[in-house]
Amino acid sequence: MLRMALTLFAITASVAILLAISNYFTSPIIARSAKERLDQSLNTLIPDAISFDEITDFEKEINIGSAKIKVPAIYAAKGSGDQQIGYCIWVTPMGYSDVIDMIVAIDPKGSVSGVQIISINDTPGIGMKVQSDEGFQNSVIGLNDSAKIVKSAPAAKNEIQVIAGATVSSSAYINGVNVALEVVQMLKQEV
Amino acid sequence: MKIKDIFKSGIITDNPVFIQLLGMCPTLATSTSLINAIGMGLSATFVLVCSNMLISLLRKFIPQKIRIASYIVIIAGFVTLVDMLLEAFFYSIYNALGVFIPLIVVNCIILARAESFASKNKVLPSILDGLAMGLGFTVALAILGAIREVLGSGTILGFELFGGVAPLSVLALPAGGFLALGFVIAAAQHLINRKRGGAD
């Protein structure tokens, strides 16, 4: 009996040590490459920015309809001379099969200037279209008010047509943009 | 001769997917594209080789009654290692395979080889068995992944084929995965049986 317990303990302890060692070596690499991917997305969205300052004192969850959407980070983009040239809002709406991580850039006037998807794991060839369909992506650019989701051709400026057959994923994308717009509204009220 | 038998059995006559029908869940879930299929196959192969080696080394040391618990701890340890390495060095594959990397722990091919081979054989044959079974799994996944990517998304390894002709999206979906798997298994069984002389 004791031998069994000791054997199992020896095995679990050695596995734990092995994992601790490998975590020690891989975690800095993982953190660095995550930072690089984030910086790359931010720089693509607002190429003129000299620095991106993270705004930390902000509530991290926004309610939209019945869903709660997490906002992991907000960055204020600063141009030359410390001038505010936009915001980048990292939002995480729920897609079809997984959370979509995306960054929405908003210009100082409060309209959407670009969106970058960091990670999306929806159905290949259907939900994944939100990452490749440029017409859809361009339709949210310039939006300055919360968008309505429509299935037929949009009639008003704030109506965005979802991708046919990929309603869930494209609605999630639009919800993400709406959350970002709301965050910027809140930031402006605070100032 | 014996080495040749191990590989022949792992890749063809005892192929884990086509013949033993093990590991169906990762097979269906990760064969939506060729690169994902190969990434999954090689990750599972790595875990299989390492766990077979360690379990074979420890086979006289692990008491019979706690063998399954010990195997699972060892397998889970290697899977977590693969998870960390993929996230650090192959992020795009890590991102595409998502939850299916941690789920290699419960891939029945790995526990099946630990129980039926590594726990009864010496270290070197166990490593080779892990390699052969892992390659068999990878080959099966790659065949399925290539078929589903070409027909379901109209691409191969991400390169556009057919110039914009609408693909049969159903093959990229779970339902198409089942259909493709059925046809591929039927074809594989037919070829293997014909080689045996059509006995069954």
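The values are calculated or read from the model by the stated rules, or taken from the named source; none is laboratory data. Note that the structure is predicted; figures quoted are calculated from it, not measured. Ideal geometry is used to build each Cβ from the backbone, glycine not excepted, and the neighbour counts take in all protein chains shown. Surface areas here come from the heavy atoms of the whole protein model, side chains and all, with no ligands, DNA or RNA. Shrake-Rupley method; radii C 1.70, N 1.55, O 1.52, S 1.80 Å.
What to note about this one:
- Residue count, region A:138-163 (criterion: in contact with a helix residue (DSSP H, G or I) (Cβ under 9 Å, 6 or more places away or on another chain) and of a type in the set (A, V, I, L, M, F, W, C)): 7
- Screening region B:2-78 for helices (runs of 4 or more DSSP H) wholly inside it with 1 or more residues that are within 14 Å of chain A (Cβ to nearest Cβ), under 28 Å from B:PHE159 (Cα atoms) and not charged (D, E, K, R) returns the ranges B:24-30, B:34-57.
- You will find that of B:ALA186, B:ALA172, B:ALA166, the residue that is open to solvent by 50 Å² or more (accessible area, probe 1.4 Å), within 11 Å of chain A (Cβ to nearest Cβ) and not polar (S, T, N, Q) is B:ALA166 and no other.
- Among the residues making up region B:80-101, those that are more than 8 Å from chain A (Cβ to nearest Cβ), without any contact (Cβ under 8 Å) to a residue 60 or more places away in the chain and open to solvent by 40 Å² or more (accessible area, probe 1.4 Å) are B:PHE90, B:SER92, B:TYR94, B:VAL99.
- In region B:43-58, the residues that are free of Cβ contacts under 8 Å to residues at least 60 places away in the same chain form Cβ pairs under 7 Å with partners that are of a type in the set (A, V, I, L, M) and surrounded by 21 or more Cβ atoms within 10 Å (Cβ to Cβ), at six or more places apart or across chains, as follows: B:LEU54/B:ILE74.
- The C-beta contact set for region A:125-147 (first residue without any contact (Cβ under 8 Å) to a residue 12 or more places away in the chain and more than 12 Å from chain B (Cβ to nearest Cβ), second residue charged (D, E, K, R) and not in a helix (DSSP H, G or I), distance under 8 angstrom, 6+ apart or interchain) is empty.
- Any hit, region A:30-44, residues being modelled with pLDDT of 85 or more, closer than 30 Å to B:SER70 by Cα and within 14 Å of chain B (Cβ to nearest Cβ): yes
- Selection within region A:119-139 - farther than 20 Å from B:SER33 by Cα and within 15 Å of the chain's Cα centre (by Cα): A:GLN137
- Qualifying position, being aliphatic (A, V, I, L, M) and touching a strand residue (DSSP E or B) at 6+ places or on another chain (Cβ under 9 Å), among B:LEU42, B:LEU34, B:LEU85, B:LEU124: B:LEU34
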